[in-house]
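To start, the structure itself, in structure tokens.
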Amino acid sequence: MRKTLVALSVLAATALPAVVNAADYSDDIHKNDYKWSQFNLMYSFDELPGESDHDYLEMEFGGRSGIFDLYGYVDVFNLTSDKDSDKAGKEKIFMKFAPRVSLDALTGKDLSFGPVQELYLATLMEWGGNSGVNNQKIGLGSDVMVPWLGKIGLNLMASYRGNDHEWNGYHLATNWFKPFHFFDNGSFLSYQGYIDYEFGVDKSFVPEEFGGAQINTTSGGAMFNGLYWHSDRYAVGYGLKLYNEVYALKDDGAAGKTSGVSHYVSVTYKF
């Protein structure tokens, strides 16, 4: 799913050092540049909200260019336009873009401390088709070294609901990529995933897309745990996703079931 380049896996495999090496941009802010992209053909079982079983194609990408760090993807649902699909008649496309601006590179200063390698101005934009999801988030991001997992991304942002023109709640996000077993042919197994958590949400807030129904709780989130096999060109994986009132939506309310477990399988081609 996320950060799947072999180059990043080497970074993620690094153990927590006694002194963290900060990102150094004093001579060339482009010396750490890289980019990657891949197509993930995926199928979800009991995805929440709503316990949906469906196929989708995910076009995933990321990289670094000077002061900018980028992660993003575009999902296309119900590829065959099957009228019996859980996604029939619903949004066809969902997009997420998460550009971050390195404060170290922007200021030319070493802002690292303790296990924190680098600081960012973090943003997140989520869009669906029609009049669906339209959210923007902004806050402070970081790259942090942790035991065993290595380097993870950790971002804390305030949430803006674009459809309703309201600031409401906060978003905590982290992601990781940990190779843990290497084969003789150079392929490897990885544990990869992410946590998205919403908190501080106003329960009285009524999202426009649910037609006036009061459906929020004050907090909620999801954790994705993936086991993947990677080669230079391909990946195959399974993901277990745990939900607790995801997106701070009330469980068994107007948004349907929002707490529980879902499963994902995927096949990836790396460009």
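Among D28, D75, D202, the ranking by other beta carbons within 10 Å of each residue's beta carbon, starting with the fewest, stands as D28, D202, D75.
Calculated mean residue ellipticity, 222 nm, the chain: -1000 deg cm²/dmol, from DSSP H runs (n ≥ 4) at -39500 (n - 2.57) each, averaged per residue and rounded to 500.
Note on the chain: Cα Rg divided by 2.2 N^0.38 Å, N the number of residues, gives 1.03.
A short reminder: the numbers here are calculations on the coordinates, not readings from a lab. What you are looking at is a predicted structure, and each value in this text was computed from that prediction instead of being measured. Glycine also receives a Cβ, built like all others from the backbone with ideal geometry; neighbour counts cover every protein chain displayed.
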